[in-house]
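Here is the structure we will look at, set down as structure tokens.
The values are calculated or read from the model by the stated rules, or taken from the named source; none is laboratory data. The structure displayed is predicted, hence computed values, not measured ones. Note that we place each Cβ from the backbone using ideal geometry, even for glycine, and neighbour counts take in every protein chain shown. Ligands, DNA and RNA are excluded from the accessible area calculation, which covers all protein heavy atoms including side chains. Shrake-Rupley method; radii C 1.70, N 1.55, O 1.52, S 1.80 Å.
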Amino acid sequence: MKRVLVAMSGGVDSSVAACLLKEGGYEVIGATMRIWKETDGTDHPYGCCGVAHVEDARRVAQQLGIPFYVLNLEEAFEREVIAYFCEEYERGRTPNPCIHCNERIKFGSLLERARALGAHYLATGHYARVGLDPASGRFLLKRGIDSKKDQSYVLFSLSQEQLRHCLFPLGIFRKGEVRGIASSLGLRVHDKPESQEICFIHDRSYHSFLEERLKTATEPGPIVDKNGTVLGRHRGIPFYTIGQRRGLRLARGVPLYVVALDPKRNVVVVGEKHEVFRDTFVVRRVNWIPEEEAPSSCRAWVKIRYNHPGAEAMLFRQGDGTLKVQFKEPQKAITPGQAAVFYDGETVLGGGWIEEVL
């Protein structure tokens, strides 16, 4: 019997994942990551990993009759996720902390803990699938069958070694089915609402968090158009992102959007809606899944953020290891710091981080 550690957040997805694996004959261990500092309060600001969520996970584990641990990953989370989040905003880029957390924490530090506990696999409640290509012997990442819940985008950076030890039991289910399973089992979390926020942001805006955490003070500066004409003042580069319209406080007769950020000059550049659309960009730190490296050129369906529907593009491998991506049709708000993920139908070809928009 193979042992699997299930990352349990206290939500319905990870709870059902643990149940399905136990029913499937695995020896299941439940674990919640502790990524916060101990406090004297009854809870802490990290939304999806608060005390109440830990207790939900513990009760589900008790109901399933499986061992349960709370594992301290505070230092790793601070180093690999929070520091990265703040540094990217300082650089005028828009980070995706969930992808970093999956790569560095869940399938990094937590997987190491799982192996130390004798577990061969780490399982989560992600809606995605992993399969083995018999021809190449490489592990493949595929979309979850529920297109509305598919989370393969946030898993693109996992290595072959990480994919080898991943289990995603929910990839073959739809969300409604998962809630139905939880209800039929009498799990108390069957109707628990989903967490939508970044887990370490305790209010609706990340601005206050950045103000507390940034190493250097945020400096106001000019908002200019593409000709350099000053139109107003911004409150600090980290508080803006490409495509942003709200909060500019500019009365110009036509809607204006952020089209570029220049942290070296401390300038926010704005333009009309059509200026937000681009078709070509460069991706760095490419992770190619079906093969050791990307082909010299290929066609793919490309998503430039989690909620982007994707669009057809050509990929061109560059001599420095980056990829140039050229969309067939211009796309709105291609944003440095975000991930670009490449698909061939249901299969994730790979992805990388948007470095520069051309």
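Among S195, S208, which is the only one that is of a type in the set (S, T, Y) and assigned to a loop (DSSP other than H, G, I, E, B)?
Answer to the selection: S195.
Testing E194 on (1) closer than 15 Å to G11 by Cα; (2) modelled with pLDDT of 85 or more, one condition comes back false. Which one is that?
If we test E194 against (1) closer than 15 Å to G11 by Cα; (2) modelled with pLDDT of 85 or more, just (2) comes out false.
Got a number for residues in region 149-167 being open to solvent by 20 Å² or more (accessible area, probe 1.4 Å) and farther than 16 Å from R305 by Cβ?
7
For region 112-159, enumerate the residues that are hydroxyl-bearing (S, T, Y) and assigned to a loop (DSSP other than H, G, I, E, B).
Scanning region 112-159 gives T124, Y127, S136, S147, S157, S159.
Pick out the one residue from A339, A313 that is open to solvent by less than 10 Å² (accessible area, probe 1.4 Å), closer than 30 Å to G137 by Cα and touching a helix residue (DSSP H, G or I) at 6+ places or on another chain (Cβ under 6 Å).
A339
Which ones in region 311-344 are outside any strand (DSSP E or B), free of Cβ contacts under 8 Å to residues at least 40 places away in the same chain and over 21 Å from E103 (Cβ atoms)?
Q318, G319, D320
Which helices (runs of 4 or more DSSP H) sit wholly inside region 1-97 and have at least 1 residues that are of a type in the set (A, V, I, L, M), touching a His at 6+ places or on another chain (Cβ under 9 Å) and modelled with pLDDT of 95 or more?
Filter on region 1-97 gives 12-23.
Looking at (1) open to solvent by less than 20 Å² (accessible area, probe 1.4 Å); (2) in a loop (DSSP other than H, G, I, E, B); (3) farther than 22 Å from P97 by Cα, which one does E291 not meet, given that it meets all the others?
All conditions are met except number (1).
Looking only at region 5-27, which residues are in contact with a Lys or Arg (Cβ under 7 Å, 6 or more places away or on another chain), crowded, with 24+ Cβ neighbours inside 10 Å and either free of Cβ contacts under 8 Å to residues at least 40 places away in the same chain or under 11 Å from L170 (Cβ atoms) (or both)?
Selection gives V12 alone.
R104 - would you say it is closer than 24 Å to T347 by Cα and open to solvent by 60 Å² or more (accessible area, probe 1.4 Å)?
When the stated conditions are applied, R104 passes them.
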